[in-house]
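Worksheet: one structure, shown below.
The values are calculated or read from the model by the stated rules, or taken from the named source; none is laboratory data. Note that this is a predicted model, so its numbers are computed, not measured. Here the Cβ is made from the backbone with ideal geometry for all residues, glycine too, and neighbour counts use every protein chain on show.
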Amino acid sequence: MAAIVEAKNVVKTFMGVRVLDDVSLRIDPGEKVAMVGPNGAGKTTLVRSLLGFYHIDGGTIRVAGHDPIKARTDVLREVSFIPQLPPPVRLSVSELLTFIERSTGTPQARIVAQAEAMELDIRSHRHKPFFKLSGGMKQKLLIAIALARRSRLFVFDEPTANLDPAAREHFYRLLSSLDYEHATIFITHRVEEIEGLANRKVTMDLGKVVEDETL
């Protein structure tokens, strides 16, 4: 079975400090990984390296078989990343949906259906700028877009931070109902909040993977 994520002996240095120190990690289809560790452990740097935001200084990374730097477009086609802090997008909700449809081929109707399943009424907010939505509404819309894209790798950074309890339940149910091969990374400080979703926990500290266990 081909790995969705394969990092081997990855090194990344900032200002002479090894932020990633010989990190090796393989994530296969079906794995739902809770990535935990203190601030500065290297979690975000590793994810940004997977997405091709950073050039690594040593080792290799492949996402769905692609090099994130040399084939970044192919990688981003396979990955949905939901950041903890939604980006300050100036587009209206309608313009954002049109952009997603044209750039990824994801039908707007599918995004709307996922949003409604999260109890977000897109239709009444279509003309609002995305950045003026509430934090919870932004999070719901970004999750709806990610799920509608049917990506092979989902990366959620503190996925429930802006969601109320009902929205969390909807999110868990939708994510659990996906019926195709994919993998998920949850970057979180609260493993208990994704209990039942993750089947593996990877702990990072000081740029290293210090623990890797099945849940």
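What the table shows:
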read-out: Filtered residues of the range 125-138 (kept if out of contact with any Lys or Arg (no Cβ under 8 Å at 6 or more places or on another chain) and either modelled with pLDDT of 90 or more or assigned to a loop (DSSP other than H, G, I, E, B) (or both)); value: HIS125, ARG126, HIS127, LYS128, LYS132, LEU133, SER134, MET137, LYS138
read-out: Single condition TYR172 does not satisfy, out of (1) exposed (fewer than 14 other Cβ atoms within 10 Å of the Cβ); (2) hydroxyl-bearing (Ser, Thr, Tyr); (3) part of a helix (DSSP H, G or I); value: (1)
read-out: Members of the range 175-196 found to be surrounded by fewer than 19 Cβ atoms within 10 Å (Cβ to Cβ) and assigned to a loop (DSSP other than H, G, I, E, B), listed by number; value: SER177, LEU178, ASP179, TYR180, GLU181, HIS189, ARG190, GLU195, GLY196
read-out: Checklist (1) over 15 Å from the mean Cα position of the chain (by Cα); (2) within 24 Å of GLU78 (Cα to Cα); (3) modelled with pLDDT of 90 or more; (4) not hydroxyl-bearing (Ser, Thr, Tyr) applied to HIS182, failing item; value: (1)
read-out: Condition met for LYS208 (more than 17 Å from MET118 (Cβ to Cβ) and in contact with a Leu (Cβ under 6 Å, 6 or more places away or on another chain)); value: no
read-out: Residue in the range 163-173 that is more than 15 Å from the chain's Cα centre (by Cα) and within 30 Å of ALA2 (Cα to Cα) present; value: yes
read-out: Every residue from the range 119-153 that is surrounded by fewer than 16 Cβ atoms within 10 Å (Cβ to Cβ) and of a type in the set (Ser, Thr, Tyr); value: SER124, SER134
read-out: Criterion violated by ARG18 - all others in (1) closer than 27 Å to HIS182 by Cα; (2) in contact (Cβ under 8 Å) with a residue 40 or more places away in the chain satisfied; value: (1)
read-out: Within the range 131-143, tally of residues that are farther than 19 Å from PHE156 by Cα and in contact (Cβ under 8 Å) with a residue 24 or more places away in the chain; value: 2
read-out: Output for the range 154-169, where each listed residue is surrounded by fewer than 16 Cβ atoms within 10 Å (Cβ to Cβ) and not in a loop (DSSP other than H, G, I, E, B); value: PRO165, ALA166, ARG168, GLU169
read-out: Test for LEU20: is it under 28 Å from THR160 (Cα atoms) and out of contact with any helix residue (DSSP H, G or I) (no Cβ under 6 Å at 6 or more places or on another chain); value: no
